[in-house]
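The values are calculated or read from the model by the stated rules, or taken from the named source; none is laboratory data. None of these values were measured; they are calculated from a predicted model. Cβ placement follows ideal geometry from the backbone for every residue including glycine, while neighbour counts extend to all protein chains displayed. The accessibility values were calculated without ligands, DNA or RNA, using every heavy atom of the protein model including side chains. Shrake-Rupley method; radii C 1.70, N 1.55, O 1.52, S 1.80 Å.
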Amino acid sequence: QVQLVESGGGLVQAGGSLRLSCVASERTFRSYAMGWFRQAPGKEREFVAAISLGGSSTYYADSVKGRFTISRDNAKNTAYLQMTRLKPEDTAVYYCAVCTAYYKCHTTEPEYWGQGSQVTVSS
């Protein structure tokens, strides 16, 4: 079973930036496509971004395209989500997850999830 631990969340003003990290327990991390999701209060969890095994391919939700960047460092078993030009509507708990494939991440329920990291954007 893959264990995922997110970090890097916090409180930031609108227009600011944050970087989330997701460290995986497995040395086979490079075998997994990774995704980021978020859940705002009172809303369903939604897809944010996904990245392929080697990191050469990415996919984003329209709401974050051009502002967020997903990346990974397989040597460190870590995936990242760089968030810029943050908006109050980006406020949510952010989760990383293992996806079957990066292009399926937004449509197929991931098998493994992290515990989540709170991001709060003040106006």
Would you list which lysines come within 27 Å of residue 43, measuring only between C-alpha atoms, while excluding same-chain residues fewer than 8 positions from it?
-> 65, 87, 104
Percent carbon-and-sulfur accessible area, the chain, ignoring ligands, DNA and RNA, probe 1.4 Å = 46
Give the Debye-formula value of log10 I(q)/I(0) at each listed q (0.15, 0.20 Å⁻¹), with one equal scatterer per alpha carbon of the stretch 1-67, two decimals each.
-> -0.61, -1.05
Centre separation in Å (Cα based) which lies between the stretch 15-49 and the stretch 98-112 = 11
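Between residue 108 and residue 85, what's the calculated FRET efficiency when r is the beta-carbon distance and R0 is 35 Å? Round to 0.05. Provide the component values of the computation, followed by the final result.
On the way: r = 29 Å, r/R0 = 0.83.
That pair, residue 108 with residue 85, gives E of 0.75.
So how do 65-74, 39-48 stack up, highest first, on mean other-Cβ count within 10 Å?
Numbers: 65-74: 16.3, 39-48: 13.1.
Highest mean packing first, the order is 65-74, 39-48.
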The chain, accessible area per residue, ligands and nucleic acids excluded (1.4 Å, Å²) | 52
